[in-house]
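Read-outs throughout are calculated quantities, based only on the coordinates presented, and are distinct from any laboratory measurement. Given the structure is predicted, the values throughout are model-derived calculations rather than measurements. Heads up, the Cβs are rebuilt from the backbone with ideal geometry, glycines too, and the neighbour counts pull from every protein chain shown.
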Amino acid sequence: MMLGKNAGGLYWMFRYIERAENIARLLEAGWHIALTRSNGGNGKGANEWRSILTTAGIDAAYHEKYAEYDSASVIDFLLRDRDNNSSVLCAIEAARTNARTVRTALSGEVWEAINQCWMTLKSTLARPVTERSLYDTLSSIRHGTSVVRGALHGTMLRNDIYAFSRLGTFIERADNTARILDVKYYVLLPSAAFVGTSIDNAQWEVILRSVSAERSYHWLNGGDVSPYSIAEFLILDKRMPRSLAFCYSKIGQYLALLEQDYGQRQDSQILSDRICMRLRSASVQSIFEDGLHEFLTEFIADTSLLANHIETDFRFYR
Amino acid sequence: MDQSKRFFDEMFARPEAARPPYEGYNQWFSGEDLKGLRRKSSEAEAFFRSIGITFNVYGQDEADERLIPFDIVPRIISAREWAKLERGIEQRVRAINAFLHDIYHRQEILRAGRIPAHIIAGNEAFLPQMIGVNPPGGVYTHIVGVDLVRTGEDEFFVLEDNARTPSGVSYMLENRETMLQMFPELFTRLNVRPVSSYPQLLRRSLSDSAPVGSPNDRPVVAVLTPGIHNSAYFEHAFLADRMGAELVESADLRIDKGRVAMRTTQGFKPIDVLYRRVDDEYLDPLNFNPDSMLGVPGIMDVYRAGNITLANAPGTGIADDKALYSYMPDIIEFYTGEPAILPNVPTWRCSEADSLAYVLDHLSEMVVKEVHGSGGYGMLVGPVASKKEIAAFEQKLRARPSNYIAQPTLALSTVPILTKAGLAPRHVDLRPFVLVSPNRIDMTPGGLTRVALKKGSLVVNSSQGGGTKDTWVLGD
């Protein structure tokens, strides 16, 4: 048992940390494309940046501020714009503010890790990040959040506190992976033009890079790059720590822990079991037959509904 | 050097050798080089930032979390000095609790004519809602911070009794933690009494004061904070964490089945002891300030029914009110039957015509304080004020004399701090922390030493540029 406010604070702290990491990952993928394929002028680079902003759900906000999708503006917007709630800086700040509220629930090491991460990024992101320092900045984001995660694993009791922290991580991650796929779902569709051919290199590259899985994908699949196998990898492969199936196996696990601990089965557990079941029984063929986009839309809506159930069931309030 | 003649320096009262409590430290210090120590100073700052010992400054950017400057030269108190302080403070704290019980019940002290009744009746710090209320365990002030100043070898004075919600204890603990990390060798060489048991003592003290008839197996203790934007939020979180208590805000609480309960992931759970860091005024919008968002509606009714312990009890402010301060020696004698072990600073009550006349004649030598002020605001320090400031203050004083008390400017003792040029004396005060439970009084050997970092300044408040030092009480 713990304060509902603290449960909510932990959950959001780890959602924001995950969000900061995901933004950094998306940015890295976009930057790679911009560097390697921007020869067509504003063509491809701009499109990629735009789809990255759409994935992060902030294209409209970006468009209010900028007319062009040039690398410098997008990078600034993603990393440090205070008008963008999902910028890395804002997300880390929100994570750290939540950590301050729930400090009594965190081990000293976890608190110091997030506080240190915030202090470092606050100073790194105080000024626009130049192209030259982008790589270092992205590593420092990864490093900072990794230390928080490491401290969480190494020093926290495996109780409800831990469960709420992990739920935040995996709800955010499941949502993020589904969005990456949904923004690109048309690329994966077997259309007439693609039958019998590999999909456009740039497209699959950006998808895999966005989930830091380029190498693991190839390691598992050899040289075979097909829409089916990419979709299968990111939706159903339980070995892949960012796949929908993996996220939901974790969500199910931590909700079950809470069910056992609190001796009560609630809406969130019922819904999560239903989603887990669907993921278990689905095959990539059936998903494509029923419509990839429809599948993802429903998945995103379900995850958002699940997040609402979790908030109500465990009396989060802010 | 001119300064050392006028002020008692606790390390170098005689310039040729350190005073006995500082001998061991001085020996160590002579073997250190200034550059290395300066480096340690900045390490300490990084350490404080990384663990987040910061305070928020009101009215400033929310992201602006300040550090209270920390000086690495400890303030050292001998075993003998401490023993006297301990006896004096314990006596004072007993008297304060007896006084609070009396003033909210039979008011014997007023009947005996030892305090004029109007001082109580017309005082905002006196809470009529507390009349006839019996706090669980009979304790009013579970936590007291007594501010002491020193002017000579054996001259300690009580400057103020903080009987409401004294703060700063987290600095006492973290300052020590920092010193242990930076200078472990000092602690193996010198016999410094530890302070680290404070949170456990606090927890025990609060648990022992829990109401009887709680539905909980063991007392549930929670710390009530105004929230993350409060300047002392760090301390609230710190104490809750170290005690293993919940840190709650107004929104986490409500009255449930006649008890104060917190909203948990499994519904409402009753609380037995609330260490509240919210002022009386904001504690209960139904009983006090109706606009308060920081309190719990109806908590006073639960309190009156004896179903929650509030630490400290509401209405304890009457005991540390500046209008009452000058009566403390009488209060102590009245309830303990003995003269006060620790003297007060001589105080003129400006409400009395003779005193006012004297104060007006000597404004440039005196410290004049608002009766209800705190934190070093709204006061006049005569010797450092300009003519214009004194003239302006005089007008305020004449307009509302009863709003002020005056004290001679004390020759506050100094302790060296580390500056770029080496050691330099700065004025200090001391706030030891006392815990009161129904059956015992505990004092942690040490406290918070506040130091005015500006040369010559007598104002040690952190809001006015003061810093802190680790405070060592030596063992026998």
10 Å Cβ neighbours from other chains, averaged over peptide B:45-54: 3
Neighbour-count ranking [beta-carbon atoms within 10 angstrom, fewest first] of A:V102, B:V381: B:V381, A:V102
For chain A: relative contact order, % (alpha-carbon pairs under 8 angstrom, 6 or more apart): 24
Ranked B:Y335, A:Y11, criterion: other C-beta atoms within 10 Å, fewest first: B:Y335, A:Y11
Beta bridges by DSSP in the protein assembly as shown, antiparallel share as percent, to the nearest 5: 75
Per-residue average of Cβ from other chains inside 10 Å of B:222-231: 1
Aspartates and glutamates whose Cα lies under 15 Å from that of B:K322, excluding same-chain neighbours fewer than 8 positions away: B:E124, B:D147, B:E160, B:D161, B:D330, B:E352, B:E370
DSSP-assigned coil residues among trypsin sites (Lys or Arg not before Pro) in region A:35-132, each with at most 12 further Cβ atoms within 10 Å: A:R82
J(HN,Hα) series, region B:27-43, from Karplus relation 6.51 cos²θ - 1.76 cosθ + 1.60, nearest Hz, glycine and proline x: 4, 4, 4, 4, x, 9, 9, 4, 4, x, 5, 4, 5, 4, 4, 6, 4
Gyration tensor (alpha-carbon) shape descriptor, region A:158-318, a/c threshold 1.5: prolate
Per-selection Kirkwood Rh - region B:346-409 (Cα, Å, 1 d.p.): 11.3
Chain A: C-alpha gyration tensor shape, a/c 1.5 cut-off, then a/b vs b/c: oblate
Mean separation of Cα contacts under 8 Å, 6 or more apart, over the residue count of chain B: relative contact order %: 23
Pairwise FRET efficiency - B:R66 versus B:E281, Cβ, R0 = 30 Å, nearest 0.05: 0.70
Which of B:D291, A:D237 has the fewest Cβ neighbours within 10 Å, and the rest in rising order: B:D291, A:D237
For chain A, built as a Gaussian network whose Cα springs stay under 10 Å, the top-fluctuating residue of A:F77, A:F246, A:F295: A:F295
Protection-proxy order for peptides B:279-286, B:424-431, each taking the mean of Cβ atoms within 10 Å per residue, highest first: B:424-431, B:279-286
Gyration tensor (alpha-carbon) shape descriptor, the protein assembly as shown, a/c threshold 1.5: prolate
Most mobile listed residue (A:L257, A:L79, A:L35) in chain A, GNM with C-alpha springs under 10 Å: A:L35
Zone of A:I300's modelled label, taken as backbone nitrogen in region A:205-227 under 20 Å from a point 7 Å along Cα→Cβ: A:205-212
